[in-house]
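Scroll down for the structure; my scribbles are underneath it.
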Amino acid sequence: MAAVQDGGSEPEGEKEPQPELPSDGSSAPAATPASKPEEQQQQQQQTLLAVLQFLKRNKLIESVDALRREAGLADEPDEAPGSEAGGGVGGAAAGSADSADASALLSRVAGAAQSGAASAPCNISFSSIVLFIVLSVGGEDQPDVSVVLSAYSQQGDPSLYQVYYSGLKKFIESVLDCHRAELSQLFYPLFVHMYLELVYNNHESEAKAFFEKFSGDQECYYQDDLRVLSGLTKKEHMKGNETLLDFRTSKFVLRISRDSYQLLKRHLQERQNNQIWNIIQEHLYIDIFDGMPRSKSQIDSMSGSLAGEARREANKAKVFYGLLKEPEIEVPLDDEDEEAENEEGKPKKKKPKKDSMGSKSKKQDPNAPQQNRIPLPELKDSDKLDKIMYMKEATKRIRLGPETLPSICFYTFLNVYQGLTAVDFTDDSSLIAGGFADSTVRVWSVTPKKLRKVKSAADLSLIDKESDDVLERIMDEKTASESKILYGHSGPVYGVSFSPDRNYLLSSSEDGTVRLWSLQTFTCLVAYKGHNYPVWDTQFSPYGYYFVSGGHDRVARLWATDHYQPLRMFAGHLGDITCTRFHPNSNYVATGSADRTIRLWDVLNGHCVRVFTGHKGPIHSLAFSPNGKYLASGSTDGRVLLWDLGHGLMIGELKGHTDTVYALKFSRDGEILASGSMDNTVRLWDAFKAFDDVETDDFTAATGHIHLPDNSQELLLGTYLTKATPVIHLHFTRRNLLLAAGSYNSQ
Amino acid sequence: MRPARPDVTSSAGLVGGEKGTTVKMASPKTLPKDAQVMIQILKDMGITEYEPRVINQMLEFTYRYVTTIIEDAKIYATHAKKSSVDADDIRLAIQCRMDQSFTSPPPRDFLLEVARQKNQTPLPLIKPYAGPRLPPDRYCLTAPNYRLKSLQKKVSSSAGRITVPRLSVGAVSSRPSTPTLGTPAVQTMGSKVGTPVSLTGQRFTVQIPSSQAPSVKTATPSTPGAVQNVLINPSLIGSKNILITTNMVSQNSSSDSGSLKRKHEDDDDYDAL
């Protein structure tokens, strides 16, 4: 795509960007069985001939020669281009009755090449063909983005679009009930693509009429998208809209049972005017499964995302969701420690204490990644001390459950006037950081201990380095204060994250940078530049050193603190990435996006291993369960969805909030899920029960269908209202006290 | 809470998801026509709750955008030696403005390609026991962004000037461009690589170990900063202290008496080091 846009200046842009799911071998949208190699050859041959015809017609002789040399064609048979060839290429060309129209032909090939319909082996040569064409045409009537959009060239008579659509509607209303729900999935993507086609080809009035007539039929959860579409009436409007372009180039995925699909195919191929069939082949990907057709409620729970549902292959990769083994640390036992932990309470005897959640066996958990799968920083002495503190606190932890609910301590930010945009707590709950719309970051101390800066170099040289309390002496008492303000960003700060060792603070902002601040000197150390657009969220890895950031450019980046460029780029979302979270074992990153999907990425190789659809609005909060198996997500539709990472399925839906869920947190042992929302409430849900029901079910993993029980009411343990404070952040202390934060909204 | 562009989701950034005040405006009859149009646009885009100032902000943006485009188009028309501005000029003006201000993120397949290449390299191994893990110094903001003048300085003749050589520290920092609290960051942004950026107010050394930095506050208000520096070092406390402060004060008060002072300050600027 880069090559095409820049007029072919970069040779490496030539390579057809692999579709995100490389197992696209049978990606022919009609879901025919994988084409045999001979068929592929045939398609390739015909495309080549088509291109040659076009070039000759335009009298681009040199290009013709060059291409012929490149393709190794000895002579040029005089064949009509673009005959029906079954795959995406042919399918696109089939509709062009006017093959003499050079631009239509170009767009066919270009569109086909870019839509990635051709199977993998053909890709390289197709793209080089495209490159040739672009170079030869010289971009006279093909400005960059138009090539992308050109797959919307005329499919048929514009005034008949309404007829086609109504015809399909009538057909679907006449089928059996069991099939109707599934086939109704077609309406929305077809509607959008047909509308965009009309707009692209400058049939403004027909487009408006089409829109007015059929937009009301669509599902209610697509209303936001439809509203955006309604403002898009001219071709020029389409060019600047990234989300729309992505929608066009990525295929909308539908999951339909085989029976329903046969019905549909038979109906559409019967008719003379099979324009809809062409559109389906070109823009939709129908994932066929064998089994019972799904019911409306099942479909509704999984749909809603910008690109349809997730293909089955997208969720098939193995995910190592287990936790890494905690290192064995020798804990010096004090007399005051509980003897319940071990029988010998003697201080001299050292006995390694295991993490309360760690596995007791020495064997490797098959679901856990290898210790060295990704490089992780080694444990320093200070980290070991932290771990000891952690374990001590863990022994005093309250066991939560439906009978013992946590107490909630709410930290309200006053006088902020809606300027509070991000909050984070340290793991030991000693510091709070707030990111504000005035581009400052403020750090407060939660404990009575004040915040101090390290002394200047002159003073440091004066202190006694051998003394025991040297760590206290390096702090400058004169700078002690309750809070510190960090200046540096030039735009509102949308994400803050403390490092696990409490030395660093990250903040991400609308100015496109992620800044690393030192919490010893309270100054900015590094500004990581890479996103050139607002960065909506950032988070440190649970082991430190790595951090992830995601923003408006639809890419999440994995950084290490000592590299000024990102280590990994997670590209694939269609909309802004609004939430990024690390898995507890630091091997995976979950990203929630404005395209209403959640993706799980593997840190090791950058692959997307899970795609979860089902939310009806942009996702604003994610939380991994402490045992690493489950993910909870909250979005603007007020629902909290629960996902099983191992199987790649939705296993629960928690309804109750009436506004965006901005905060989600599992308690320390995973018994309770707390959710905080813009509707000024904190709700507690019984996580054990929600996941328990799942264990006993027999997963229909083959088809991926779930019957979600409507048990939100039983799982809801409590609703706690604030007066007028939306809840922005939740945090369970090490002893399972729930802390919440938000800014008082006086209106 | 997090603004999104209006063409991505339907909630305009300015109004966000917050519950703002409902529109309490004058009756539509008394509103200017532009404002009525804007209200209609907001309604069509599905935005129902917004503060009344949003209309003004949107109108201001519209006005600014349209005048910018038309001015640009006028320039292009005169450049092409046309007598009047026509649609082509406007189109060109819009195009140029789009490429400059309203850029959009790269397209998806480009991102996929770049990501594929980047993700191929294995994750780098982590060196053990490396201290604070930061990028090379040129990519950090941990270098000082000022130089101290040498201590051997000729005594100036003006009565109001500082006579103590050591107070050249003060002279350095009393340059007219008094940075505000935000400036070190601005300097950071402007000075890419090589130009050191402020860290600590250490009197004697220039290179600062990266681990320490006082807050911005000490470095910036230059005059109190100088005083602080002086105060820290006990050897300067004493009679000179008083002299220093009054000089500072007098400098501040007579800052607009100007040109003479400025010239001196220019002279004082930056010894050749």
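The table for this structure:
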quantity: Residue, least open to solvent (accessible area, probe 1.4 Å), within region B:123-153, restricted to residues that are within 10 Å of chain A (Cβ to nearest Cβ) and among the charged types (D, E, K, R); calculated: B:Arg133
quantity: Scope region A:263-290; condition open to solvent by 40 Å² or more (accessible area, probe 1.4 Å) and either closer than 16 Å to A:Gln185 by Cβ or touching a Ser or Thr at 6+ places or on another chain (Cβ under 9 Å) (or both); matching residues; calculated: A:Leu263, A:Lys265, A:Asp290
quantity: Number of positions in region A:299-333 that are open to solvent by 20 Å² or more (accessible area, probe 1.4 Å) and among the polar types (S, T, N, Q); calculated: 1
quantity: Strands (runs of 3 or more DSSP E) wholly inside region A:371-448 that include at least 3 residues being open to solvent by 50 Å² or more (accessible area, probe 1.4 Å) and under 26 Å from A:Leu673 (Cα atoms); calculated: A:408-413
quantity: Residues (part of a helix (DSSP H, G or I) and under 28 Å from the mean Cα position of the chain (by Cα)) located in region A:198-229; calculated: A:Ser215, A:Cys220, A:Tyr221, A:Tyr222, A:Gln223, A:Asp224, A:Asp225, A:Leu226, A:Arg227, A:Val228, A:Leu229
quantity: Residue in region B:36-65 that is surrounded by the fewest Cβ atoms within 10 Å (Cβ to Cβ), counting only those that are under 18 Å from A:Gly231 (Cα atoms) and hydroxyl-bearing (Ser, Thr, Tyr); calculated: B:Thr48
quantity: Residue under evaluation A:Arg442, criteria (1) of a type in the set (Lys, Arg); (2) in contact with a helix residue (DSSP H, G or I) (Cβ under 9 Å, 6 or more places away or on another chain); (3) within 18 Å of A:Gly488 (Cα to Cα), criterion not met; calculated: (2)
quantity: A:His607 vs. criteria open to solvent by 10 Å² or more (accessible area, probe 1.4 Å), at the interface with another protein chain (Cβ under 9 Å from one of its Cβ atoms) and touching a Phe, Trp or Tyr at 6+ places or on another chain (Cβ under 6 Å); calculated: no
quantity: Hits in region A:476-501 (condition: β-branched (Val, Ile, Thr) and within 12 Å of another protein chain (Cβ to nearest Cβ)); calculated: A:Thr479, A:Ile485, A:Val493
quantity: Leading residue by the ranking (nearest to A:Lys296 (Cα to Cα)) among those in region A:584-601 that are within 12 Å of another protein chain (Cβ to nearest Cβ) and open to solvent by 10 Å² or more (accessible area, probe 1.4 Å); calculated: A:Arg596
quantity: Meets criteria (modelled with pLDDT of 90 or more, open to solvent by 90 Å² or more (accessible area, probe 1.4 Å), over 24 Å from A:Gln539 (Cα atoms) and more than 33 Å from the chain's Cα centre (by Cα)) for A:Lys363; calculated: no
quantity: Subset of region A:456-500 that is among the polar types (S, T, N, Q) and assigned to a loop (DSSP other than H, G, I, E, B) - its residue that is farthest from A:Arg515 (Cα to Cα); calculated: A:Ser467
quantity: Subset of region A:230-262 (residues that are more than 20 Å from A:Ile276 (Cα to Cα), crowded, with 19+ Cβ neighbours inside 10 Å and in contact with a Phe, Trp or Tyr (Cβ under 8 Å, 6 or more places away or on another chain)); calculated: A:Met238
quantity: Residue within region A:509-523 that is in a strand (DSSP E or B), within 18 Å of the chain's Cα centre (by Cα) and among the aliphatic types (A, V, I, L, M) present; calculated: no
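The values are calculated or read from the model by the stated rules, or taken from the named source; none is laboratory data. Predicted model only: the values in this text are computed from it and were never measured. Because the Cβ atoms are built from the backbone with ideal geometry, glycine has one as well, and the counts that use them run over all protein chains shown. Just so you know, the surface numbers come from the protein's heavy atoms only, side chains and all, with ligands and any DNA or RNA stripped out. Shrake-Rupley method; radii C 1.70, N 1.55, O 1.52, S 1.80 Å.
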